[in-house]
Amino acid sequence: MKPPMCELCSSGFDLSDPELGDLLYFKKTASDKAWYKKAEEPGFVGHPPNAAWFCGDHIKKAKELLDFPLGEALQQMRSELSEYVDLGDKEIIEDKIKPLDSIIEEETIEPKGFWAKVKSWFIR
């Protein structure tokens, strides 16, 4: 079983309160049904392929899509969420996130120094 981390935003949550998040089961596909058949074998372990954890911020929308296979539900939720994501000024982003090869060539950063440099871009 996967740990309780939201399938959309990867945030973890406390299982003691279902409003903070929960495990939801979506419509089974043919391959999901085959997985469940195999899961009946002694000693089988794993996370159901049609089950996913959702945090309190995303569970309401996820519950609206339980009649869809998990993949379709996630695709729909991600497309709806992407409409609200604002990455800010494109020029600033392009300036900050350079291809790794060019950074290494330009500044000949040692591996440990390289990650410190990357971290400095995001932590101020």
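The values are calculated or read from the model by the stated rules, or taken from the named source; none is laboratory data. Not measured: the values here are computed from a predicted model. Quick reminder, even Gly has a Cβ in these numbers, built from the backbone with ideal geometry, and neighbours come from all protein chains shown.
For the range 30-46, the set of residues classified as crowded, with 16+ Cβ neighbours inside 10 Å and touching a helix residue (DSSP H, G or I) at 6+ places or on another chain (Cβ under 9 Å) consists of Asp32 only. Taking the range 2-21 as the range and being more than 17 Å from Lys61 (Cα to Cα) and surrounded by fewer than 16 Cβ atoms within 10 Å (Cβ to Cβ) as the test, the residues that pass are Lys2, Pro3, Gly12, Asp14, Leu15, Ser16, Asp17.
Going by the conditions given, is Ala73 of a type in the set (A, V, I, L, M, F, W, C) and either at pLDDT 95 or above or assigned to a loop (DSSP other than H, G, I, E, B) (or both)? Answer is yes for this residue. For first residues located in the range 32-49 and closer than 20 Å to Pro4 by Cβ, partners that are of a type in the set (Gly, Ala, Ser) and in a helix (DSSP H, G or I) and lie 6+ apart or on another chain with Cβ distances below 9 Å form the pairs Val45/Ala39; Gly46/Ala39; Pro48/Ala39; Pro49/Ser31.
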